[in-house]
Amino acid sequence: MATQEVEKPIYDERVNEILQGLAAGLTRDELAEMFGHTNYKSVDMYMRRKNFTWDSTKQTYVPKLPSAKEYKNKAMPHTKATIVIDMMKEPDFMIEEICKKAGFKDYKELAEYMTAKGYQWSPDDKNYKKKTGHVDRIEPKKVEVPPVQEVKLEVVETKELQVNDDVINKLQSYLPLFDMLEKNKEKLLELVMPMGQSDTIPRYIIPGRTSGKTIQMSESLQDMAVEYCNQRNIKQRELFEVAVIEFFQKYGFEYEIESLLKTNS
């Protein structure tokens, strides 16, 4: 039996305003009042038309997922990878339709995404499975080192290095630069050293009243933000607060951010 087709969520301007308002701490009734509606049911109806459903655990709207009778008692996944896996469990699935629903241009892009998320294709199950088990280590090739030959060292007399006044003056002109490099040593190391991925997301307590702020961004960035928050189980408000704080710290508002955060300490 064919499953009910679920359309891809539509991130229009109103949908983005609703998602951002919820991430900022507004209730559905408050959003409904902002849009001139009587209660939150009008917001629910609009989001359903745009292929979203309310998640009471996360207290926000999430994209609708493919549903079938055998999945009624199963917790609905919220990541793109698990959505793909669930759709492939359907009999006689069409890979082109799955790519379309999940937002991939073709199967190659889907396969690259699943591999990057730690899944591999199982020919027996005709589906993707999480990579598990032991990963074989590749031993480095042994390199034969030639025997060390005895080297005779000859003592050579050296003359005292003569440094003229011009060289000294040139070196002294660089002393302020050396002082600046020494004072900013840690920041410079952060710039030149590669940053590793971390699962630990900083949390900040920001003083002041929480209010809604509507911002415009591309649909691809909005999709990425929603998926990231669903995977890490955080609110979009927390994501954007961390992003804005670290942006200010890096690009000229470090003193202002430190003063803001110190008000809670």
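Just so it is clear, none of the values below were taken in a lab; they were calculated from the coordinates. Worth saying up front: this structure is predicted, and the values here are computed from it rather than measured. Because the Cβ atoms are built from the backbone with ideal geometry, glycine has one as well, and the counts that use them run over all protein chains shown.
What to note about this one:
- Shape class for the stretch 71-130: rounded, because the ratio a/c of the largest to smallest gyration tensor axis (alpha-carbon atoms, square roots of eigenvalues) is under 1.5.
- Other-chain or far-sequence residues with amide H under 5 Å of THR60's (modelled H): ASP55
- 24 Å Cα-Cα threshold exceeded, pairs from LYS8/LYS108; LYS41/LYS105; LYS8/LYS41; LYS58/LYS117; LYS58/LYS100; LYS8/LYS89: LYS41/LYS105; LYS58/LYS100
- Residues PHE240, PHE35, ranked from the fewest to the most other C-beta atoms within 10 Å, line up as PHE35, PHE240.
- Extension gain, LEU261-ASN184: 0.36 nm per intervening residue step, less the Cα-Cα distance, totals 25.5 nm.
- Förster radius 30 Å - calculated FRET efficiency between LEU65 and ASP29, Cβ distance, rounded to 0.05: 0.70
- Residues ILE205 and LYS8, FRET efficiency given R0 of 41 Å [Cβ-Cβ distance, rounded to 0.05]: 0.65
- When only Cα pairs below 8 angstrom with a gap of at least 6 residues are kept, the stretch 71-130 shows a relative contact order of 26 percent.
- In this label model, MET217 and MET88 are separated by 2.9 nm, measuring between points 7 Å along each Cα→Cβ vector.
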